[in-house]
Amino acid sequence: MKKTGFIFDLDGVIVDTAKYHYLAWRKLANALGFEFTEEQNEQFKGVSRKRCLEILLNIGGIQATKEQFNSWLVEKNEDYLSLIENMDESEILPDVQKVLSFLKNHNMPIALGSASKNARPILEKVKLMDYFDVVVDGTHVTKAKPDPEVFLIAAEQLGVHPEDCVVFEDAVAGIEAANNAGMLSIGIGEAKVLSKANFVFANFTEIDVKFINRLME
């Protein structure tokens with residue numbers, strides 16, 4: 001059996017931290033004097049924190065100095081960290097751990113490839129860190145998805161060729177990044193949204209052992 005590298009995004013794939021991000025961004029928007037809806041929050045999927053703030057300020061029609069911009073980035077992140085402080089294993093999305101366990105039991109190389117700069121503490125809180133051989137997060141990359149940098153670094157650190165890697169993603173930008181890296185892309189979410197993925201499943205409960213075995217062949 002060849003070595004296939006399995007790379008997982010974090011937010012919306014392993015855990016649903018999007019709700020906490022939304023609450024923190026909404027709090028900042030309200031403090032700046034405008035509303036920020038859940039529909040508008042969809043624009044933030046798979047996007048770096050800096051780019052999210054740029055979009056948020058554009059929505060509110062807010063001009064910012066560099067000092068204000070950096071201060072608001074810190075403020076949002078502090079609010080987000082306070083919200084995720086009490087995360088535990090109950091936050092893991094259905095059957096994610098089952099798939100990780102299956103891959104681990106078959107000695108498959110597993111990496112995390114996420115834009116989040118809080119990936120490590122989140123994995124520790126939900127007690128999944130031991131499943132990952134490599135963690136590549138927002139502190140290791142300079143280019144945001146759909147640039148493939150995060151996944152290419154993960155493949156290199158796993159010691160697996162990009163064409164032998166499988167990526168699980170919930171965001172359009174993430175699917176595009178996986179495709180740009182020459183990897184097999186598996187969308188977790190709505191098929192009509194993630195239409196560029198090689199395969200799409202609503203969630204991990206739809207992924208059976210037979211399918212995973214095919215990926216490892």
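The values are calculated or read from the model by the stated rules, or taken from the named source; none is laboratory data. This is a predicted model, so every value here is computed, not measured. Every residue, glycine among them, receives a Cβ derived from its backbone with ideal geometry; neighbour counts consider all protein chains shown. Side chains included, ligands, DNA and RNA excluded: accessible areas come from the protein's heavy atoms. Shrake-Rupley method; radii C 1.70, N 1.55, O 1.52, S 1.80 Å.
Couple of notes before you dig in:
- For region 139-217: rounded, prolate or oblate by the Cα gyration tensor [a/c cutoff 1.5]: oblate
- In the chain, Cα pairs under 8 Å separated by at least six residues give a relative contact order of 26 percent.
- Evaluated at q = 0.19 Å⁻¹: base-10 log I(q)/I(0), Debye formula over Cα of region 20-82: -0.63
- Where only DSSP H runs of four or more residues are counted, the chain gives -12500 deg cm²/dmol as its mean residue ellipticity at 222 nm, each run worth -39500 (n - 2.57).
- Residues of type lysines that residue 143 reaches as a straight line, Cα spacing below 22 Å, ignoring anything fewer than 8 places off in the same chain: 45, 50, 66, 76, 117, 196
- A 1.4 Å probe run over the protein chains yields, for the chain, 49 Å² of accessible area per residue, whole-number rounding.
- Highest average first, the peptides 195-207, 7-19 ordered by how many other beta carbon atoms sit within 10 Å of their residues are 7-19, 195-207.
- Relative intensity, log₁₀ I(q)/I(0), of region 38-145 from a Debye sum that treats every alpha carbon as a point, q = 0.10, 0.17, 0.19 Å⁻¹: -0.38, -0.96, -1.12
- Correct choice for volume of the Cα convex hull per residue in Å³ that was computed from the model, options (1) 139; (2) 111; (3) 119: (2)
- Accessible surface of the chain, 1.4 Å probe, proportion on carbon and sulfur as whole %: 48 percent
- In range of the label at residue 40: residues from region 63-87 whose backbone nitrogen is under 20 Å from the point 7 Å along Cα→Cβ: 63-65, 68-80
- A cut-off under 9 angstrom between Cβ atoms defines the neighbours of residue 12, and their net charge, with Lys, Arg +1 and Asp, Glu -1, is -4.
- Positive contributions from Lys and Arg (+1) and negative ones from Asp and Glu (-1), summed over other residues with Cβ under 14 Å from the Cβ of residue 89, come out at -3.
- Mean Cβ count within 10 Å, highest first, over the residues of peptides 158-168, 63-73: 158-168, 63-73
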